[in-house]
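Beneath this line is the structure, given in structure tokens, with notes to follow.
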Amino acid sequence: MHCVFATITPKEEYFQSAKTAILSILEDTRNETGCIQFDVHTNTDETELFLYEQWVNESALQLHYLQD
């Protein structure tokens, strides 16, 4: 299994659009071959986004990176 934890800190004026963009790919990403888990969270003051991903292996993650 391959796990990824990412912290994204967009500029304040771009926070909402960044969050919307990530939320818009949630279901498609979860349905990709090899995706075990793909979740997004925010901190309480909504200045950071946190991605938690689990993939069956590195190859599945690399295929994810090739998606539009």
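The values are calculated or read from the model by the stated rules, or taken from the named source; none is laboratory data. It should be emphasised that the depicted structure is a prediction, and the values quoted were computed from it without experimental measurement. Using ideal geometry, Cβ is built from the backbone for each residue, glycine included, and neighbour counts are taken over all protein chains shown. What goes into the accessible areas is simple: the full protein's heavy atoms, side chains included, and nothing from ligands, DNA or RNA. Shrake-Rupley method; radii C 1.70, N 1.55, O 1.52, S 1.80 Å.
Among the criteria (1) at pLDDT below 95; (2) surrounded by 11 or more Cβ atoms within 10 Å (Cβ to Cβ), the one residue 65 does not fulfil is (2). Quick check: is even one residue across segment 37-55 in contact with a Gly (Cβ under 8 Å, 6 or more places away or on another chain) and open to solvent by 70 Å² or more (accessible area, probe 1.4 Å)? The answer is no, given that none of the residues of segment 37-55 is in contact with a Gly (Cβ under 8 Å, 6 or more places away or on another chain) and open to solvent by 70 Å² or more (accessible area, probe 1.4 Å). Being assigned to a helix (DSSP H, G or I) and free of Cβ contacts under 8 Å to residues at least 12 places away in the same chain, is that true of even one residue in segment 33-56? No: segment 33-56 contains no residue that is assigned to a helix (DSSP H, G or I) and free of Cβ contacts under 8 Å to residues at least 12 places away in the same chain. Do any residues in segment 4-17 that are farther than 7 Å from residue 47 by Cα and open to solvent by 30 Å² or more (accessible area, probe 1.4 Å) have Cβ atoms under 9 Å from those of residues that are β-branched (Val, Ile, Thr) and in a helix (DSSP H, G or I), where the two are at least six apart or on different chains, and which pairs are they? Matching pairs, first to second residue: 8/22.
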